[in-house]
Structure formats: structure tokens, C-alpha cells
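Taking it in order: structure first as C-alpha cells, then the write-up.
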């Protein structure tokens, strides 16, 4: 097992992109089973776990496994390599978060929540491969249905969509937690996906989510009462 862990560690160290289990199996030449490789990856992830005293960690994303710099070391590494972190406009993050939490959804679903035309933003996110087409909805006009892509998971360091913070997590925040939520966007009007998710989740995204939360608490509004 130690030899296998060393081999996987070396391959991932020089890889320029996340590698899936199938890709790693191919690199290893069929010398190991998928079960053994999975165990090796988990042990390697424990060895290279993220922490305040670590500069990099082994992370699992939607596309596979990859060594990544930790949040604490990231800004210093960026300055050294001279690159700029991937940034998205506020409009792009709003659209991306809505699709992530409500997928599969159509352009009209997104625009109903944002309140503005979102066709251009959706096209831009498709071009950046952060969104993908999931088919067409069986209704008038057969509108296209959008979903997040593996690149979305990779960019935000998520192993799966289940790693997104849930709406209920944010609606149940206490006073101390609320005080620690991110403030206003920076000068460029840009916020992170988690910041936007927190804000929109607290606002319940739309009246339907708000209604369901009230119903769960036994506070369903009576007929004629505004929700």
C-alpha cells in the first residue's frame, strides 16, 4: 500500500488538472483495483489535509483529485506566480448560485428571482463551462434547462453539490453567526459564491422557500395574508 500511495502522490503532484479515479487507474496500468486506489487516495488525503499550518492539501473536486494551495497560502502563491484568481461579476455569481441551488432550472426561473434579463450572463457561464445544458423542459416553447458542470465543482473546490451550504443552515443562524456573515461587496461589486448563497438563503431566495419555512414552523399565512 505504501508503494501505491507514493505512486499516486507523485502522479497527482505533477498533474496539471484534477485526475479522476479512472484516469489514475489508467496511469497505473491496471496494476491495482479501484477499491485499493480509493483507499490509497483517502489515506493520502488524510496525510495532506488542509489546516492553518499547511500550504497545500489534497482536495477532491467534481472532476477528481488534485493538490491545491490552502486558503491561507493562496494569496502568497498568487503573488509569486503572478496570476490573478478567477473572479466572477456579481451578476454571474447571482446566476450561478441560483442555478446551483435550484437546478435544473430555466432562464425564466433565474430571471424571476434576479428580476432582470439574464440571457447574456447564462451564455457567458456556458462559455466558461461553469454551466451546462441539461435538456429542455416539457412546456410551451421547450425552454432550455441549465445545470452546474464539473468545472463549477472544480472551481469552488466542491466534491459534489452536497457540499454546498444548505438553505436551512443559513436560516438557522444565531445572532453571533449572523454578525460574522460577509459584509458588502468589494469596490468591484464582486462577492464569493458562499457570500451570495448566505445572503440569498437568509432571504429564502423567493417567496416559495419562505412559505415552506413558515409552514414548517406552524406559521403558514392565512388566505389573504401577504407572504
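What follows draws every value from the coordinates through simple rules; no lab data is involved. What you see is a predicted model; the values in this text were computed from it and never measured. Cβ sites come from the backbone with ideal geometry, for glycine too, and all protein chains shown count toward neighbours.
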Packing rank of 92-98, 108-114, 140-146, 153-159, where each peptide gets the mean count of other beta carbons within 10 Å, highest leading: 92-98, 153-159, 108-114, 140-146
Would you mind estimating how fast the stretch 1-156 diffuses translationally, via Stokes-Einstein at 4 °C and 1.567 mPa s with the Kirkwood radius over Cα pairs, in µm²/s? 72
List the relative contact order of the stretch 65-143 as a percent without decimals, with contacts defined as Cα pairs under 8 Å and 6+ residues apart. 23
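Once you sort the root eigenvalues of the Cα gyration tensor of the stretch 2-81 as a ≥ b ≥ c, which label holds: rounded (a/c under 1.5), prolate (a/b larger than b/c) or oblate (the other case)?
Prolate shape, in that a/c is at least 1.5 and a/b is the bigger ratio.
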Be a star and scan the stretch 19-49 for residues whose amide nitrogen sits under 12 Å from the point 7 Å along the Cα-to-Cβ vector of residue 3. 31-32
